[in-house]
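The values are calculated or read from the model by the stated rules, or taken from the named source; none is laboratory data. Just so we're clear, the structure is a prediction, and the values are computed from it rather than from any experiment. Methodologically, a virtual Cβ is constructed for each residue, glycine included, from the backbone with ideal geometry; neighbour enumeration extends over all protein chains shown.
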Amino acid sequence: MTLELVILMAVVVPVLSSLVTLALVFLVYKLWLHQILDEEYDRRMLEAEQDFRRELEQAAEEMLPEFRAELVKGFEEAAEALLPEFRAEVVKGFEQAAEELLPEFRREVAAGFEESAQTLLPEFREQVKQGLVEGAEEVLPDFREQVKGGFEDAILSAAGGKLVDRTAQSVAKSVETGLNILFGKPRSPRDD
């Protein structure tokens, strides 16, 4: 072997050995170390995300009452600004609805009233008649006596005599008969 070949081998073998070592290191890094680094990166990112969420939730809890107060204040101010207009719109809507529905409502109420009146009118008439009859029966004897006494007193004091007496009795009898007819009482035996 020649010297050149030995020198070449002496130079090439270490270079090749270095290249093979470097390739092995790269493969180890690529396969094993890269996996370890990726796992560590993922773990740290997960921890960082959890820490961030925890801090965000804590900050939200601290800021929430203030945010709510500001939100309520904003809503109240907006409501105060919009309330008159809203009320006006609601009133306008009710008025329009009333104008549209009122004639129909009146017709329905009138029809219902008319139907109720037709149903209740005979009973009402009967009750009024019964009340009148009962009241008249209660008051009629006193009324007759007072009218009769009044006529008798008036005639006796004005003229006196039998003619006046008979006229007064005749008038009293006529009034009594008229009242009996009015209230539906049978004639008394002395009317004959």
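Checking the structure you have, find out if any residue of segment 49-70 is within 24 Å of the chain's Cα centre (by Cα), assigned to a helix (DSSP H, G or I) and aliphatic (A, V, I, L, M). Working first, answer last.
Filtering segment 49-70 for residues within 24 Å of the chain's Cα centre (by Cα) gives none.
No, every residue in segment 49-70 fails to be within 24 Å of the chain's Cα centre (by Cα), assigned to a helix (DSSP H, G or I) and aliphatic (A, V, I, L, M).
Can we say Leu22 is at pLDDT 85 or above and of a type in the set (A, V, I, L, M)?
The answer is yes for Leu22.
Of the conditions (1) surrounded by 10 or more Cβ atoms within 10 Å (Cβ to Cβ); (2) at pLDDT 80 or above; (3) within 34 Å of the chain's Cα centre (by Cα), Phe113 clears all except one; give me its number.
(2)
Regarding segment 19-37, can at least one residue be identified that is surrounded by 10 or more Cβ atoms within 10 Å (Cβ to Cβ) and either in contact (Cβ under 8 Å) with a residue 60 or more places away in the chain or charged (D, E, K, R) (or both)?
yes
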